[in-house]
Amino acid sequence: MKNHIESKLASQQVYVTKNKKNIWLKIWQHRVFYLFLLPGIVWFFIFSYIPMYGITIAFKDFNFVKGILGSPWAGLKYFEQFFNYYQAGEIIRNTIIISLMKLIIGFPMPIILALMLNEVRVAKFKRTVQTISYLPHFISWVVVVTLMQRILSPYGGPINELIAVLGLDKIQFLGNLNYFYQLIIGSDIWKGVGWGAIIYLAAISGVDPQLYEAAKMDGANRFRQMWHVTLPSISGVMVILFILACGGIMSAGYEQLLLLNTPSTASIGTVLDVYVIKAGLEQGRFSYATAVGLFQGIIGLILIISANRISKKVNGTSLW
Amino acid sequence: MSGRKWSIFSIINYALLALFAFSTLYPFIYILAYSLSDGVAAMKYPIYFLPKGFTFENYIQIFQDTKFLEAYKITIFRTVIGTALHVFLSALFAYALTKKTLPGRTFFTFFIFIPTLFGGGMIPTFVLFRELGLINSFWVYVIPFLYNFFNIIVLRTFFQQLPNSLEESAKIDGCGDFKVFMKIILPLSTPVLATIGLFIGVFHWNDWFTGTYFVTNKDLLPVQTLLNDLLSQSIAQADAAKNASQTGTSIGLQSVAQTTPESLRMATLMVATLPILCVYPFMQKYFVKGVMIGSVKG
């Protein structure tokens, strides 16, 4: 009760004077809220900002005994090592190819699914398809890859059995250079398309029905209504999500690629994230792996900032 | 259907969506059938929709495996503890951010936003975990995942639209800020708490990476990491089988039991996935809204 009266008095004072002096009073008034924030501030400091400082590992000859501070400086040695590595170009190229393909083929898919679902008038059918479409989002990549391995197996997998029934030769899909990209992109879409469509469906449900009425009056059929009303109405959401996706071009999805990439596909399937994990966590080359990771992070940051700038200029939509 | 005209456009649309739904669902039907099959029979005859030699033997076997049971316990523990702590702490944080008069509010929002653009990366994180003694500890599954920028924003957006008057009247009745949060805000926020709980719960249930790279103690591995081990083993086995078939011997088929490594793997996969598959349809009405709330602020 005492607290309450105090804070009420204080807020009145703030209201009346609004002086700079009162900042301390205001802070005191909100002390409980700072207590609410405290664990989070400490957590973000430790788990987000200390690793940023940890990037100095890339410029040091890091070893665990000496710690980050005690390890001697190494300059740009590890960056040079990476760029002189004969497969560095290949790894960068793989990363860009895989994420660009995911972006170009994968990005429109949820939009298409949302538009298709929007045309469904039978509510029960729509709900069923939607519920099923979310399903893959809720399972792990390990499960997806295990599923793929079983379904596509040349030893009794249903796809290959079907191929055999048709009188064709069985195909070893996984670990095959000819099918690697198709499987990467395909499984990525399979896992994410339903979930990705939610946000577009939400945006579509917010479109003013009068716009459709007007379009109908002008003689637009269902397809033209979709093209001239629905699509422009959700373009804002599309741009935001596209900017976010652009930031990810340098990271091609490490979980999926750690699991699907095998020695036989390494030449086209090794991407930066996976290389960082292999070199760092598996081979213990900490400084080198940090340098590669930093290179990747900086390019990602540049990409997302430029995408944001460009979209701000072109149509006024931006993340910040 | 009720006299509605079916244009070609509609027919194609419905057909494509049905095909899409089928191709999403089919792998699960197939795995379920495989996991309920006699393992040896499943190797000999192709399965499409129905089990061959229906049996629960695969499930009985994995539930008798102490390694699996331990892993299942770890998965359940980390999911429950990790989800409860994440939801509670993030809600506290988000609630404080809704106070427009709070000095430093913008700063705190930026403080948690910046890490979404740029982070230290995998190796500095690993080094930090080691320094903190998190490697090979159960808490490596919980503590690094206590907060997340996007979840905080979703919670904040939801709290912002709760009527202010409720809070004021509770304060007049003598509630402190913490009591208001516990007694008024949390009970009113079930939909958004359920959404965030589902998001983070699914993450905890499915995370295999932490167990694979940050834990070497075999007693601390979660089910998904176990499944990952089975996956890499089976890739090795497939190679071995290929070699064996070239040299003329057959492996796996001579086992007396009804199970095979493959049928056990399929049963493990089902058990590792089923709880999530049973939960999400019931949460659907929440998370669809939750994603929308999150999207408003981008």
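The values are calculated or read from the model by the stated rules, or taken from the named source; none is laboratory data. Every value quoted in this text rests on a predicted model; they were computed, and no experiment measured them. Reconstructed Cβ throughout: ideal geometry from the backbone, glycine too, with neighbour counts over all protein chains shown. Ligands, DNA and RNA are excluded from the accessible area calculation, which covers all protein heavy atoms including side chains. Shrake-Rupley method; radii C 1.70, N 1.55, O 1.52, S 1.80 Å.
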Dipole moment magnitude, nearest 20 debye, chain B about Cα centre, only Lys, Arg, Asp, Glu C-beta charged: 900 debye
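Could you pull out the pairs from B:LYS52/B:LYS285; B:LYS100/B:LYS179; A:LYS102/B:LYS44; A:LYS126/A:LYS191; A:LYS170/B:LYS44 whose alpha carbons sit more than 27 Å apart here?
Numbers: B:LYS52/B:LYS285 37 Å; B:LYS100/B:LYS179 19 Å; A:LYS102/B:LYS44 37 Å; A:LYS126/A:LYS191 19 Å; A:LYS170/B:LYS44 16 Å.
Exceeds cut-off: B:LYS52/B:LYS285; A:LYS102/B:LYS44.
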Near A:LYS77, which aspartates and glutamates are there with a Cα under 13 Å away, not counting those fewer than 8 places off in the same chain? A:ASP61
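Please report the carbon-and-sulfur percent of the accessible area for chain B; probe 1.4 Å, protein heavy atoms only, DNA, RNA and ligands left out. Walk me through the numbers before you get to the answer.
Details: 9500 of 14060 Å².
Carbon-and-sulfur percentage of accessible area, whole number: 68.
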Would you give the gap between the C-alpha center of region B:1-74 and the C-alpha center of region A:221-261, rounded to a whole Å? 29 Å
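Hey, can you find the accessible area per residue of the protein assembly as shown for me, probe 1.4 Å, expressed in square angstrom?
49 Å²
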Counting sequence-distant residues (5 or more places) and residues on other chains, those with an amide H built under 5 Å from that of A:LYS60 are A:ALA74
MRE, 222 nm, helices only [DSSP H, n ≥ 4, -39500 (n - 2.57), over chain A, to nearest 500]: -20000 deg cm²/dmol
Of A:GLY75, A:ASN178, B:VAL192, which is farthest towards the positive pole of the protein assembly as shown's charge dipole, taken about the Cα centre with +1 and -1 on the beta-carbons of Lys, Arg and Asp, Glu respectively? B:VAL192
Once both label points are put 7 Å beyond Cα along the C-beta direction, the B:PHE110-B:CYS278 separation in nm becomes 4.9 nm
Top positive-direction residue, dipole computed over the protein assembly as shown with Cβ charges, set B:SER137, A:LEU100, B:PRO261: A:LEU100
Which of B:THR55, B:THR273, B:THR24 fluctuates most in a GNM of chain B (C-alpha springs under 10 Å)? That residue is B:THR24
What FRET efficiency, computed as 1/(1 + (r/R0)^6) with R0 = 25 Å and r the Cβ-Cβ distance, is obtained for A:ILE41 and A:TRP73, rounded to the nearest 0.05? 0.20
Under the Karplus relation 6.51 cos²θ - 1.76 cosθ + 1.60, θ = phi - 60°, what is the ordered set of whole-Hz ³J(HN,Hα) values for region A:26-42, x standing for Gly and Pro? 5, 4, 4, 4, 9, 4, 5, 5, 5, 5, 5, 7, 3, x, x, 4, 4
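If you take the square roots of the eigenvalues of the alpha-carbon gyration tensor of region B:37-145 and sort them as a ≥ b ≥ c, do you get rounded (a/c under 1.5), prolate (a/b over b/c) or oblate?
prolate
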So, with points 7 Å from each Cα along the Cβ direction, the B:ILE172-A:TRP227 label distance in nm works out to 6.0 nm
Per-residue HN-Hα couplings for region B:265-275, Karplus 6.51 cos²θ - 1.76 cosθ + 1.60 at θ = phi - 60°, whole Hz, x for Gly and Pro? 4, 5, 5, 4, 4, 4, 5, 6, 10, 3, x
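Percent of Cα-Cα pairs more than 42 Å apart in the protein assembly as shown, please.
Working: 60520 of 190653 pairs.
Counting pairs separated by more than 42 Å, the tail of P(r) holds 32 percent.
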Show me you know the interface measure: the accessible area buried between A and B, both chains summed, probe 1.4 Å, in Å² to the nearest 100. 8600 Å²
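Work out the length of the dipole vector of chain A about its Cα centre, built from +1 on the beta-carbon of each Lys and Arg and -1 on the beta-carbon of each Asp and Glu, and round it to the nearest 20 debye. Intermediate results must be reported in sequence, preceding the final value.
Values: 27 positive and 14 negative charges, 269 e Å.
Roughly 1300 debye for chain A.
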When the dipole is taken about the Cα centre of the protein assembly as shown, and only Lys, Arg (+1) and Asp, Glu (-1) are charged at their Cβ, what size is it in debye, to the nearest 20? 1980 debye
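Just the number, please: carbon plus sulfur as a percent of the accessible area of chain A, 1.4 Å probe, no ligands or DNA/RNA counted. Walk me through the intermediate numbers first.
Values: 10440 of 15950 Å².
For chain A, the apolar C and S fraction of the accessible surface comes to 65 percent.
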Sticking with the crude label model, points 7 Å out along Cα→Cβ, report the distance from B:LYS67 to B:PHE138 in nm, one decimal please. 2.2 nm
Under the definition of partner shielding as Cβ atoms of other protein chains within 10 Å of a residue Cβ, what is the mean value for peptide B:44-54? 2
From DSSP H assignment alone, runs of 4+ in chain B each adding -39500 (n - 2.57), the sum over residues rounded to the nearest 500 puts [θ] at 222 nm at -23000 deg cm²/dmol
